[in-house]
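I have placed the structure first, in the form of C-alpha cells, so that the comments after it can refer back to it.
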Amino acid sequence: MTIREILAGGKSHLAASHIESPDLDAALLLSQTLHCTRADLVIHGDDTVTPENYNYFNNLLLRRISGESVAYILGRKEFMGLDFTVNPDVLVPRPDTELLVETILKKYSARDKNQKNFKVLDLCTGSGAIAISLKHEHPEWEVWASDISKKALTIAKINAENLLGSPKKINFIHADLFSFNAQFPSPPSFSLIVANPPYVSSAEIETLAPEVKKEPRIALDGGPQGLDIIRRICAEASRYLEGSGSLFIEADPRQIKKIAGYLLSGGFETPEIFPDLSGKERVIGGKTRKAP
C-alpha cells in the first residue's frame, strides 16, 4: 500500500471512532512511523510502505482509538516552538498555557531584558513547559520551578537538559507549593510567580475526554470547585514576592471572578485579566499592593 492509501485509511478509522482531529492525528502517527515530516507524506504519497511499518502504524492507531493522546504516543509535545518530552507522569502542555507565557513575555521582556536580578518561580511546573520557555527566551532570568510530584520533576529536568543544555539552568524544587520555605535557611523572594495549577473540579474529572483522563489526576483535580490550589496560591504568594512583584495564574474562565477576589484578599492590587483567542478570560494576574 502507498503512503497516501494508508493515511486515508488511518483518517477513516479515527473519524469512525469519533476522534476530534482524525486528519492531524493520522498524519502525526504516520510521520512517527516513517520518521519523516508531515510534508514528506504529501511529497512521497505514492511511495509504498513496508508491512512492518504498516503494522506499526496500525498499532499506534489502536492506541489512539483506545483514548491515549497523540502526545503520549509520540512521547513529545510542541509548546512555544520547543519540543517537550511528555509521558503519563505529566500534563500535556496546551495552547491555553502558551497564552500565559506570552502574556508574561509581553509584560516583562522590554522592561526587564537586561535585569539580571529578575527571579521567577513556576509553581506546579509539571513538564517544565512554562519555566523552560521563559528561561529559553530570557537566559538572564533566574528561574525556579517546583512540583509536588517527583516523577514530574524527573521529566522537567530531562526537558531542561534537552532544551536548555543542562537541568541546572533551572532551580528545580520538590515541594507542595510554597513548602520549599523549609528547605532554605533564608527563603528566596521573587519578582514574578507564575502557575498553571490544577483547576478542574473533582466532579468534572469523569466528564473529561478519554485522553485527558489518562493524564495525572494530581495535575488536574483542583478540589470540589477546582479552586483549592488556586486559593492557597493567592493567599500565600505575596509573602514570597518582592515589593512590586506579580502573580499570574491560568484558570478556567468560569473561575476568574472568584480568583480576582482571592487576589485582592491576598494583598494584590486590582487584577488584570487576559482573554484567549476565543475571547474567554483565561489568565489573571496582579501586583502586590504597596503599603500605605
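Restricting attention to the stretch 24-39, does a residue exist that is at pLDDT 95 or above, in contact with a Cys (Cβ under 9 Å, 6 or more places away or on another chain) and not polar (S, T, N, Q)? The answer is yes, given that some residue of the stretch 24-39 is at pLDDT 95 or above, in contact with a Cys (Cβ under 9 Å, 6 or more places away or on another chain) and not polar (S, T, N, Q).
Going through (1) closer than 23 Å to Ile284 by Cβ; (2) modelled with pLDDT of 95 or more one by one, Leu163 falls short only on (1). Restricting attention to the stretch 24-52, the residues that are in a helix (DSSP H, G or I) and surrounded by fewer than 17 Cβ atoms within 10 Å (Cβ to Cβ) total 8. Considering (1) modelled with pLDDT of 95 or more; (2) within 15 Å of the chain's Cα centre (by Cα), the lone condition that Val143 does not fulfil carries the number (2).
Looking only at residues in the stretch 54-98 that are touching a strand residue (DSSP E or B) at 6+ places or on another chain (Cβ under 8 Å), in a helix (DSSP H, G or I) and in contact (Cβ under 8 Å) with a residue 40 or more places away in the chain, the one that is surrounded by the most Cβ atoms within 10 Å (Cβ to Cβ) is Thr97. Taking (1) buried (at least 18 other Cβ atoms within 10 Å of the Cβ); (2) within 18 Å of Glu250 (Cβ to Cβ); (3) of a type in the set (D, E, K, R) in turn, Glu204 satisfies each apart from (1).
Note on the stretch 131-177: residues that are in contact (Cβ under 8 Å) with a residue 40 or more places away in the chain, closer than 23 Å to Tyr240 by Cα and of a type in the set (S, T, N, Q) amount to 2. Within the stretch 178-199, the residues that satisfy the criterion of being in contact (Cβ under 8 Å) with a residue 40 or more places away in the chain and buried (at least 17 other Cβ atoms within 10 Å of the Cβ) are Phe178, Phe190, Ser191, Leu192, Ile193, Val194, Ala195, Asn196, Pro197, Pro198, Tyr199.
The values are calculated or read from the model by the stated rules, or taken from the named source; none is laboratory data. All values reported here derive from a predicted model rather than from experimental measurement. Glycine gets a Cβ as well: all are built from the backbone with ideal geometry, and neighbour counts include every protein chain shown.
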